[in-house]
Amino acid sequence: MKDTLPEETPYWARLEATVRELMTGYGYREIRIPILESTELFSRSIGKVTDIVEKEMYTFTDRNGDSLTLRPEATAGIVRACMEHGLLHNQTQRLWYIGPMFRHEKPQKGRYRQFHQIDVEAFGMEGPDIDAELILLTARLWQRLGLQDLRLELNSLGSSEDRAAYRERLVGYFQEHYEILDEDSRRRLTSNPLRILDSKTPEMQAMIRAAPLLLDHLDDASRRHFEGLQARLSRAGIQYRINPYVVRGLDYYNRTVFEWVTDRLGAQGTVCGGGRYDGLVAQLGGKPAPGVGFAMGMERLLALLAQQDRIQQELDAYLVMLGEAAEHHGQVLTEQLRDRLPALRLECHCGGGSLKSQMKRADRVGARFALILGEREVNESVIGVKDLRSGADQRQLPQSELAGWLASGLPHLG
């Protein structure tokens with residue numbers, strides 16, 4: 001887990017603001033869910049034999065003897081909230097959420113035990129049109145953020161019947177190559193053999209690439225759904241690659257699964273992933289309702305943003321004050337400026353000090369202008385203005401004209 005320092009927060013703020021604006025533009029409404037949930041919610045939804053449930057969840061027993069878990073992902077909690085509050089009864093929903101998740105994984109670049117996700121879910125729509133909308137939405141987010149070199153990979157996991165038939169054939173194939181399987185894969189052979197396809201063990205790659213493909217075992221309805229998605233993406237100009245080894249790490253997926261990946265982050269190349277989970281609502285005890293969604297890791301997106309774009313958190317002005325009279329008058333003056341110019345980024349010096357030390361502070365924090373106020377300036381109702389970036393000579397202005405002068409020189413204040 002890590003702290004987010006002031007130098008980093010402008011990137012977070014930009015990402016959050018861009019996401020909020022985009023979601024509103026597509027008609028998605030924000031939902032907020034608890035960080036703590038019943039452990040059973042995740043074991044029933046994610047799957048008891050997944051790595052998340054078996055190895056990675058932060059689970060504890062509270063004072064009432066209930067087993068609680070810090071949420072490792074958001075979809076299950078959103079489905080639970082929708083069921084409890086009647087949001088899925090004879091209606092469609094487009095929802096989004098942003099916040100921290102928790103998994104006890106090995107920390108590395110782009111992966112932390114507390115991490116943050118943007119989560120988007122749509123309920124009540126079973127066709128490929130909503131799958132395509134979600135992918136188009138993510139593509140537009142990359143565009144607005146200016147992110148490049150992201151690739152879309154698609155697969156279909158078919159229906160539960162498709163997977164059952166495929167699972168039997170896949171288990172037979174892996175048993176023929178049992179001696180090549182690593183320990184995790186041998187354990188998954190009887191619990192979740194599709195996850196073996198996602199293994200990164202180098203010695204297993206050739207064997208995995210020769211395994212039977214689920215895409216060759218889809219029923220007609222699943223095949224039409226997948227073809228419909230591809231047709232929509234192609235018409236929209238979205239480039240993609242069909243990757244039969246994209247299976248995602250959660251048991252509840254069916255039909256469409258997808259990932260956006262990059263080569264710019266080393267081993268942690270997936271920045272967004274999701275797909276359909278048409279059986280999850282019923283699995284958690286609700287009336288069956290189709291669902292589809294995705295999650296994207298904010299830390300990984302922020303790492304991409306930091307690579308290509310340095311955001312400056314600059315101040316418009318820094319108020320330098322010399323003497324007790326200037327300190328009393330200066331605080332009143334700054335509040336009057338903020339009343340006139342709500343977008344003004346102005347820091348008011350506190351703690352005393354010489355003119356030289358205060359000017360150094362103004363320069364160090366990146367202020368455009370130093371506003372200088374001493375006893376004479378207070379008595380004459382003027383103020384000194386020094387442009388710290390251009391090197392122009394200091395000038396004096398009547399205090400009554402300062403707000404208008406700043407607004408004319410700083411476009412974002414207009």
Name the residue that is nearest to the chain's Cα centre (by Cα), counting only residues in the stretch 235-277 that are of a type in the set (D, E, K, R) and not in a loop (DSSP other than H, G, I, E, B). E259
Can you go through G77, G27, G65, G86 and tell me which one is small (G, A, S) and in contact (Cβ under 8 Å) with a residue 60 or more places away in the chain? G27
Expected single match for in contact with a strand residue (DSSP E or B) (Cβ under 9 Å, 6 or more places away or on another chain) and in the same structural domain as L141 (by TED's automatic domain parsing) among L337, L333, L344, L304 is L304
Name the pairs: first residue in the stretch 155-173 and within 23 Å of P128 (Cβ to Cβ) and buried (at least 20 other Cβ atoms within 10 Å of the Cβ), second residue at pLDDT below 90 and β-branched (V, I, T), Cβ to Cβ under 8 Å, at least 6 apart or on different chains? N155/V246; N155/V247; L157/V247
Looking only at residues that are assigned to a strand (DSSP E or B) and buried (at least 20 other Cβ atoms within 10 Å of the Cβ) in the stretch 278-296, which one is farthest from the chain's Cα centre (by Cα)? G291
Look through the stretch 228-265, keep the residues that are among the acidic types (D, E) and surrounded by 13 or more Cβ atoms within 10 Å (Cβ to Cβ), and return whichever of them is modelled with the lowest pLDDT. D251
Could you tell me whether T18 is of a type in the set (S, T, N, Q), in contact with a helix residue (DSSP H, G or I) (Cβ under 8 Å, 6 or more places away or on another chain) and closer than 25 Å to L134 by Cβ? yes
Among (1) in contact with a strand residue (DSSP E or B) (Cβ under 8 Å, 6 or more places away or on another chain); (2) outside any helix (DSSP H, G or I); (3) modelled with pLDDT of 90 or more, there is one condition L315 misses while meeting the rest; what is its number? (3)
Given (1) surrounded by fewer than 20 Cβ atoms within 10 Å (Cβ to Cβ); (2) over 25 Å from F258 (Cβ atoms), index of the condition T69 fails: (1)
Which of the residues belonging to the stretch 185-209 are over 29 Å from the mean Cα position of the chain (by Cα), not in a helix (DSSP H, G or I) and not hydroxyl-bearing (S, T, Y)? L189
Would you list the helices (runs of 4 or more DSSP H) that sit entirely within the stretch 322-414 and hold 2 or more residues that are surrounded by fewer than 18 Cβ atoms within 10 Å (Cβ to Cβ), of a type outside the set (G, A, S) and at pLDDT 90 or above? 324-340, 355-364, 375-380
Number of the exception - G27 against (1) on the phi > 0 side of the Ramachandran plot; (2) outside the structural domain of E299 (by TED's automatic domain parsing): (2)
Need at least 3 residues that are of a type outside the set (D, E) and either under 18 Å from M298 (Cβ atoms) or modelled with pLDDT of 90 or more (or both) per element, so show me which helices (runs of 4 or more DSSP H) inside the stretch 1-98 make the cut, counting only ones lying wholly within it. 9-25, 75-84
For the stretch 118-138, what are the residues that are under 14 Å from the mean Cα position of the chain (by Cα) and either surrounded by fewer than 21 Cβ atoms within 10 Å (Cβ to Cβ) or among the aromatic types (F, W, Y) (or both)? L137
State the number of residues belonging to the stretch 125-153 that are assigned to a helix (DSSP H, G or I) and acidic (D, E). 3
Checked the stretch 100-117 for anything surrounded by fewer than 17 Cβ atoms within 10 Å (Cβ to Cβ) and either in contact with an Asp or Glu (Cβ under 8 Å, 6 or more places away or on another chain) or outside the structural domain of E37 (by TED's automatic domain parsing) (or both); matches are H104, E105, R111, R113
Which of the residues spanning the stretch 326-345 are of a type in the set (A, V, I, L, M) and within 19 Å of K356 (Cα to Cα)? A326
Of all residues in the stretch 7-46 being of a type in the set (S, T, Y) and touching a Lys or Arg at 6+ places or on another chain (Cβ under 6 Å), the one that is surrounded by the fewest Cβ atoms within 10 Å (Cβ to Cβ): T18
So which residues in the stretch 188-226 are farther than 24 Å from G158 by Cβ and surrounded by 13 or more Cβ atoms within 10 Å (Cβ to Cβ)? T201
Could you please tell me which pairs satisfy a Cβ distance under 7 Å, a separation of 6+ or placement on different chains, a first residue in the stretch 337-353 that is touching a residue at least 40 places away in the same chain (Cβ under 8 Å), and a second residue that is part of a helix (DSSP H, G or I) and of a type in the set (K, R)? L344/R338
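The values are calculated or read from the model by the stated rules, or taken from the named source; none is laboratory data. Only a predicted model underlies this, so the values are computations on that prediction, with no experimental measurement involved. Reconstructed Cβ throughout: ideal geometry from the backbone, glycine too, with neighbour counts over all protein chains shown.
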